[in-house]
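A quick write-up on the structure given underneath.
The values are calculated or read from the model by the stated rules, or taken from the named source; none is laboratory data. Just so we're clear, the structure is a prediction, and the values are computed from it rather than from any experiment. Here Cβ is always computed from backbone atoms with ideal geometry, including for glycine, and neighbour counts include all displayed protein chains.
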Amino acid sequence: MNGITFANPLFLYLLAVVPAMIIFYVLKQQKATASLRVPAMNPFAGTGKTFRHYIRHILFSFRTLAVALLIIVLARPQATDRFRNVSTEGIDIILALDISGSMLARDFKPDRLEASKNVAIQFISGRPYDRIGLVVFSGESFTQCPLTTDHAVLINLLREVQSGMIEDGTAIGNGLATAVNRLKDSKAKSKVIILLTDGVNNRGDIAPATAADIAKTFGIRVYTIGVGTQGMAPYPVQTPYGIQYQDMPVEIDEAVLKDIAQETGGKYFRATDNNKLVQVYNEIDKLEKSKIDVKQFSRKEEEYMLPALIAFCLVLLEIVIRNTIFKNLT
């Protein structure tokens, strides 16, 4: 640690209150006069000064010091230039998310797309040291967010994802190829794609098998997730009266998703409801935990706890002394 800085330095101007308190206290003591007059001091000649006389100013000292410390706490002292050892994952992850119209089916709550976004946000929040990016696809694909450690930006961009942003369809191969393109130059210890879809590849100019071969060439593992209940599910259908939901059979090309995962050394999962989807992401999170120890540079670390604790102890001590030793002193 090379020094202390303050997040709110303007509060330090309040320290001018401390000398003002001292001056006021000294003047008050000088103006204090006795309220009892006697003709002679002889009866008190043998009376010595008591212990309370010598420590009568201690209460004011405690209060003044507590005020000074609380002002410092408000200024938020921070230690700078500090190194600390932390454990990081060393993994680059791309989330490839299907945003086709069928992702609005309501066999998940509130629908497949929103459920997938919510669980993905939890996953991102639980991996603070990994670089994570986002690719979305339907009839075509594009990068919504490149690899980043700024997870707040990533989460905001993920929340903005909506079905209908691009032409409808399910181009699984294109979505996977776009994700591979974002990872192929990565120097990370581990490179991972989490591909989530609820349908069958029916669009795009790149076959899923071809995209999987490319991923394997670059040493990228692909975890595939098929989203949808078993049997029938309420899908949105455009009618003359607006969007209505009709029960339709759930069709997920599990064979293709399994082949992609097997070819790249990943794993296939089937999520049939919200809870199962959470379990899938939790399992992927456990599978991708190849930790490495690194030395991370931390520029600022809060240091207000110690002065706050001392100020609290001083106030508490003043209350105790005032109600014990000085209880009868007015």
(request) Go through segment 136-184 and count every residue that is closer than 22 Å to Lys258 by Cβ and not in a loop (DSSP other than H, G, I, E, B). (result) 12
(request) Please work out which one of (1) in contact (Cβ under 8 Å) with a residue 40 or more places away in the chain; (2) surrounded by fewer than 19 Cβ atoms within 10 Å (Cβ to Cβ); (3) over 25 Å from Val256 (Cα atoms); (4) in contact with a strand residue (DSSP E or B) (Cβ under 7 Å, 6 or more places away or on another chain) is the condition Arg106 fails and give its number. (result) (3)
(request) Just give me the residues in segment 84-103 being modelled with pLDDT of 95 or more and of a type in the set (A, V, I, L, M, F, W, C), in sequence order. (result) Ile93, Ile94, Leu95, Ala96, Leu97, Ile99, Met103
(request) Report, by residue number, each residue of segment 117-128 that is part of a loop (DSSP other than H, G, I, E, B) and surrounded by fewer than 16 Cβ atoms within 10 Å (Cβ to Cβ). (result) Gly126, Pro128
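Determine if segment 180-195 includes at least one residue that is among the basic types (Lys, Arg), over 22 Å from Asp285 (Cβ atoms), in the same structural domain as Gly133 (by TED's automatic domain parsing) and without any contact (Cβ under 8 Å) to a residue 60 or more places away in the chain.
Checked against the condition, which is being among the basic types (Lys, Arg), over 22 Å from Asp285 (Cβ atoms), in the same structural domain as Gly133 (by TED's automatic domain parsing) and without any contact (Cβ under 8 Å) to a residue 60 or more places away in the chain, segment 180-195 yields at least one hit.
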